[in-house]
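Q: The structure follows.
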Amino acid sequence: MSVILITGSAGLIGSEAVRFFSSQGFEVVGIDNDMRQYFFGSEASTRWSQEKLQASVPRYQHESLDIRNYEALEQLFARYGDNISGIIHTAAQPSHDWAAREPLTDFSVNAVGTLNLLELTRLHCPKAVFIFTSTNKVYGDTPNRLPLVEEETRWTIRDTHPYAKDGIDELMSIDQSTHSVFGASKVAADVMVQEYGRNFGLATGSFRGGCLTGSGHSGAELHGFLAYLMKCAMEKRPYTIFGYKGKQVRDNIHSSDLIHGFWHFFQNPRPGEVYNMGGGMDSNCSMLEAIELCQQITGNILDFRYSETNRTGDHIWWISDLKKFKDHYPQWQLEFNVEHILREIEGGLKTR
């Protein structure tokens, strides 16, 4: 029996991983206690996703555990031991704004929870592949120092700059910048994942995601950009843009494309490696461009308002350079772009 442990298993990336690894013949154990509801309220609860997985995915076992609870996690790891062939760690507190409200909770979930999982992997299943869903927010606001140019609907980067062709690579410094409390806790986790690979020889990989998205997202105002935007457009609720004239640019990667990236790494891991992972140059948009797409798809005019105050540590322009990952895993490629993603989200919201 080969087991995959997936934290945050009812969330966007976790649920995609559950379905994928189950389809590959693995026994899947999901760890999720629906803290997303605590973070963002009842509309962001992932209980619907958990119930759907339990009803539809063969060989799926759900565990309502808190990754901060070392003792409870240890019992789970001890139960499966060397049968665990992979840990897909997607559980997190994911919001800039929320982290500032409860820094201790944010750090305990993002940093301490990750350390718990790494140490238990080292003790109970050291041959397992450990994949961590990190974030581009580990770079803090360093990307905002790039030579940016304002265009009609978006910020872009001066075309003579090295990042203009392919986006931001993994050599950008994560030091001496404003991260937000959330960004700092993810830095701690990201670096620890690297260290367990480099110091202990675990097969760890850290994937620094841009905007991770798809129809499985329980979008809320504080997290889940495209999913929440589409929900507002469909339900004709007001939407607020925070800063940068609504021209801030994000690359967006569908959860399926990300999980296929995980699968390539799982089959041939590179211990301690880090990858920027997003939609890259093929799947990105500004806030204003995303609003226009949502209006076209739904036929509704979005009631949006503007706040001059941007979120702490937020990026004005972020596009991931995917060359490193593609060089290491040349068979991987993106299947979705922003319009495809938004149309799928609309369809998913209609049937939820």
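The values are calculated or read from the model by the stated rules, or taken from the named source; none is laboratory data. Keep in mind that what you see is a predicted model, and the values were worked out from it rather than measured. Glycine gets a Cβ as well: all are built from the backbone with ideal geometry, and neighbour counts include every protein chain shown.
Q: Mind checking whether some residue in segment 20-29 is of a type in the set (Ser, Thr, Tyr) and in contact with a Ser or Thr (Cβ under 8 Å, 6 or more places away or on another chain)?
A: No, every residue in segment 20-29 fails to be of a type in the set (Ser, Thr, Tyr) and in contact with a Ser or Thr (Cβ under 8 Å, 6 or more places away or on another chain).
Q: Only one of these conditions is not met by Ile88: (1) in contact (Cβ under 8 Å) with a residue 40 or more places away in the chain; (2) in a helix (DSSP H, G or I). Which number is it?
A: (2)
Q: Quick check, is Arg305 within 24 Å of Phe132 (Cβ to Cβ) and either surrounded by fewer than 24 Cβ atoms within 10 Å (Cβ to Cβ) or not hydrophobic (A, V, I, L, M, F, W, C) (or both)?
A: no
Q: A follow-up question, please. Quick one: which strands (runs of 3 or more DSSP E) sit completely within segment 212-319 and have at least 3 residues that are closer than 24 Å to Gln93 by Cα and either among the basic types (Lys, Arg) or at pLDDT 95 or above (or both)?
A: 249-254, 273-277
Q: Condition first: at pLDDT 95 or above, out of contact with any Ser or Thr (no Cβ under 6 Å at 6 or more places or on another chain), buried (at least 16 other Cβ atoms within 10 Å of the Cβ) and assigned to a loop (DSSP other than H, G, I, E, B). Can you find one or more residues in segment 174-194 that meet it?
A: Checked segment 174-194: at least one residue is at pLDDT 95 or above, out of contact with any Ser or Thr (no Cβ under 6 Å at 6 or more places or on another chain), buried (at least 16 other Cβ atoms within 10 Å of the Cβ) and assigned to a loop (DSSP other than H, G, I, E, B).
Q: Residue by residue through segment 101-135, note down the ones that are more than 27 Å from Pro269 (Cα to Cα) and over 16 Å from the mean Cα position of the chain (by Cα).
A: Arg101, Glu102, Pro103, Leu104, Thr105, Phe107, Ser108
Q: Does segment 246-262 contain any residue that is on the phi > 0 side of the Ramachandran plot, in contact with a helix residue (DSSP H, G or I) (Cβ under 8 Å, 6 or more places away or on another chain), surrounded by fewer than 21 Cβ atoms within 10 Å (Cβ to Cβ) and not hydroxyl-bearing (Ser, Thr, Tyr)?
A: Checked segment 246-262: at least one residue is on the phi > 0 side of the Ramachandran plot, in contact with a helix residue (DSSP H, G or I) (Cβ under 8 Å, 6 or more places away or on another chain), surrounded by fewer than 21 Cβ atoms within 10 Å (Cβ to Cβ) and not hydroxyl-bearing (Ser, Thr, Tyr).
Q: Looking at segment 77-104, which of the residues that are touching a Phe, Trp or Tyr at 6+ places or on another chain (Cβ under 8 Å) and not small (Gly, Ala, Ser) is surrounded by the fewest Cβ atoms within 10 Å (Cβ to Cβ)?
A: Looking at the filtered set, the residue picked out is Trp98.
Q: If you don't mind, there's one more thing I want to ask. Residue pairs, Cβ under 8 Å, 6 or more apart or interchain, first in segment 292-312 and farther than 24 Å from Ile345 by Cα, second among the hydroxyl-bearing types (Ser, Thr, Tyr) and assigned to a helix (DSSP H, G or I). List them.
A: Correct list of pairs: Asn310/Tyr244; Arg311/Ser180; Thr312/Ser180.
Q: Can I ask one more? State all residues of segment 320-339 that are part of a helix (DSSP H, G or I) and either more than 21 Å from Phe262 (Cα to Cα) or among the hydroxyl-bearing types (Ser, Thr, Tyr) (or both); if no residue qualifies, say none.
A: Glu339
Q: Could you say whether any residue in segment 105-125 is acidic (Asp, Glu), in contact (Cβ under 8 Å) with a residue 24 or more places away in the chain, surrounded by 22 or more Cβ atoms within 10 Å (Cβ to Cβ) and part of a helix (DSSP H, G or I)?
A: Scanning segment 105-125, I find at least one residue that is acidic (Asp, Glu), in contact (Cβ under 8 Å) with a residue 24 or more places away in the chain, surrounded by 22 or more Cβ atoms within 10 Å (Cβ to Cβ) and part of a helix (DSSP H, G or I), so the answer is yes.
Q: I'd like the full set of residues that are without any contact (Cβ under 8 Å) to a residue 12 or more places away in the chain and closer than 25 Å to Arg101 by Cα, limited to segment 2-39.
A: Hits for segment 2-39 are Gln37, Tyr38.
Q: So if I check each of Ser56, Ser9, Ser22, Ser2, which one is modelled with pLDDT of 95 or more, within 14 Å of Ile87 (Cα to Cα), surrounded by fewer than 16 Cβ atoms within 10 Å (Cβ to Cβ) and of a type outside the set (Lys, Arg)?
A: Ser2
Q: Moving on to the next point. Residues in segment 77-100: is at least one more than 21 Å from the chain's Cα centre (by Cα) and farther than 21 Å from Val129 by Cβ?
A: No; the residues of segment 77-100 include none that is more than 21 Å from the chain's Cα centre (by Cα) and farther than 21 Å from Val129 by Cβ.
Q: A further question follows. Between a first residue in segment 171-190 that is touching a residue at least 60 places away in the same chain (Cβ under 8 Å) and at positive phi and a second residue that is buried (at least 22 other Cβ atoms within 10 Å of the Cβ) and assigned to a helix (DSSP H, G or I), which pairs have beta carbons less than 8 Å apart while being 6 or more apart in sequence or on different chains?
A: Ser180/Ala99; Ser180/Lys137
Q: If I ask for residues that are on the phi < 0 side of the Ramachandran plot, in contact (Cβ under 8 Å) with a residue 60 or more places away in the chain and not aromatic (Phe, Trp, Tyr), which ones from segment 313-327 would you list?
A: Within segment 313-327, Asp314, His315, Ile316, Ile319, Ser320, Asp321, Leu322, Lys323, Lys324 meet the criteria.
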